[in-house]
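Each value in this text was obtained by applying a stated rule to the coordinates, not by laboratory testing. Everything quoted here is computed from the prediction, not taken from an experiment. So basically every Cβ, Gly included, is an ideal-geometry build from the backbone, and we count neighbours across all protein chains shown.
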Amino acid sequence: MKEFTVEEVIRFSQTIEEESYKFYTEAEKKFPDEELKKLLKELAEAEVDHLNRLRALLKETKLSEGDLKEKVQLEDTGYDSIVKTQSIPDDADARSVLNIALEREEKTAGTYKMLLNFSNLSDEILDVFEYLAAQEEGHVKIIENKLSRL
């Protein structure tokens, strides 16, 4: 277990969303299929929305300095691995890219669900993590649906 401040957790969550955005925009450039490009673009745009919600938490006047400095204990095993998505090989096909995306979305949803278990987080923070967990689960379903049609 490792101790993190709430602010560190929010900033880490921002990094997850930034990396997801980069992944989807890179993937979009690699495929000529318009339907797949559209899906990847929509997922990238959703990651921007998620990032903006997290940024707003740090700017919200509702969160006190005490809220942000509150400590939480997290398993540090794999804490960084969720951000590290393997790069997309030049010869990657749609299925392999979507499988990478699926794994990433599942891990991200799991991270946000885990963060919901901390009772010492403010309601504003919990609301955002709950929203993000639901969004990531929605992404999982969208990606699974696309994979089933390949």
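Observations on the model:
- Set of lysines with alpha-carbon distance to residue 30 below 28 Å, sequence-local pairs under 8 removed: 22, 38, 41, 84, 107, 141, 146
- Nearby aspartates and glutamates by direct alpha-carbon distance to residue 2 (threshold 15 angstrom, same-chain neighbours under 8 apart not counted): 70, 75, 76, 80
- Given charges at beta-carbon only (K, R positive; D, E negative), |dipole| of the chain in Debye: 180 debye
- Charge-dipole axis of the range 2-148 as Lys and Arg at +1 and Asp and Glu at -1 on Cβ define it, positive-most pick from 147, 12, 32: 32
- The tail of the calculated P(r) for the range 2-148, taken as Cα-Cα distances beyond 26 Å, holds 27 percent of the pairs.
- Under 21 Å from the Cα of residue 59 - lysines, other chains or at least 8 residues apart: 69, 71
- The range 80-149: radius of gyration and largest Cα-Cα distance (Dmax), Å: 14.3, 46
- Gain on full stretching of the segment that runs from residue 3 to residue 123 - 0.36 nm per residue minus C-alpha separation: 41.1 nm
- When each full DSSP H helix of the chain is screened for a Cα extent of at least 27 Å along its own axis and an average Kyte-Doolittle hydropathy of at least -0.5, the helices passing are 34-59, 94-115, 123-148.
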